[in-house]
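For reference, the structure discussed in these notes is given below.
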Amino acid sequence: QVQLVESGGGLVQGGGSLRLSCAASGRGFSNAAMGWFRQSPGKEREFVATINWSGFSTNYAASVKGRFTISRDNARNTVYLQMNSLKPEDTAVYYCAARGSYGSGSSYSYDYDYWGQGTQVTVSS
């Protein structure tokens, strides 16, 4: 089983940067594809970025491509989301998720087996 804990959220001005971290415990992280999703009040959960188990393959939502970067450090059992050029519309609770058994990254939340509790990102105008 995998447990995920996000951190690094906070309040930032538009144009600023934040780096989110997702620390994993339990077996299977090195074999797991990882994803970042976000959700704002009154909106559906939205795909942000994915990275496969090896880190070789990544994918991004069009809304964040060129601004956000997903990466992982399997030695530390951690996945990161570097967020640059933040906009007010990026305001949301950000969640990391894991898909085990050497699964490929997916933009669909239902493909993931484990979820963190989320971390709030607020971007002011």
Original post:
So which of GLY66, GLY55, GLY42 is within 20 Å of ARG27 (Cα to Cα) and either modelled with pLDDT of 95 or more or assigned to a loop (DSSP other than H, G, I, E, B) (or both)?
Top reply: GLY55
**OP:** Go through (1) basic (Lys, Arg); (2) outside any strand (DSSP E or B); (3) in contact (Cβ under 8 Å) with a residue 40 or more places away in the chain and name the single condition ARG27 misses.
**Re:** (3)
Original post:
Restricting attention to the range 63-79, which residues are closer than 19 Å to VAL123 by Cα and surrounded by fewer than 20 Cβ atoms within 10 Å (Cβ to Cβ)?
Top reply: SER63, LYS65, GLY66, ARG67, THR69
Original post:
So GLY8 fits all but one of (1) in contact with a Phe, Trp or Tyr (Cβ under 9 Å, 6 or more places away or on another chain); (2) open to solvent by 30 Å² or more (accessible area, probe 1.4 Å); (3) on the phi < 0 side of the Ramachandran plot; what number is the exception?
Top reply: (3)
Original post:
Is it the case that the range 92-113 has a residue that's over 26 Å from ARG27 (Cα atoms) and assigned to a loop (DSSP other than H, G, I, E, B)?
Top reply: no
**OP:** Looking for whichever is over 18 Å from GLY15 (Cα atoms), in contact with a helix residue (DSSP H, G or I) (Cβ under 6 Å, 6 or more places away or on another chain), buried (at least 19 other Cβ atoms within 10 Å of the Cβ) and basic (Lys, Arg) here; the options are ARG45, ARG99, ARG38. Which one fits?
**Re:** ARG99
Subject >> Where LEU86 falls short, out of the listed (1) part of a strand (DSSP E or B); (2) at pLDDT 95 or above >> reply: (1)
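The values are calculated or read from the model by the stated rules, or taken from the named source; none is laboratory data. Predicted model, so just to flag it, every value in this text is computed and none were measured. FYI the Cβ positions are ideal-geometry reconstructions off the backbone, even for glycines, and counts take in every protein chain you see. Ligands, DNA and RNA are excluded from the accessible area calculation, which covers all protein heavy atoms including side chains. Shrake-Rupley method; radii C 1.70, N 1.55, O 1.52, S 1.80 Å.
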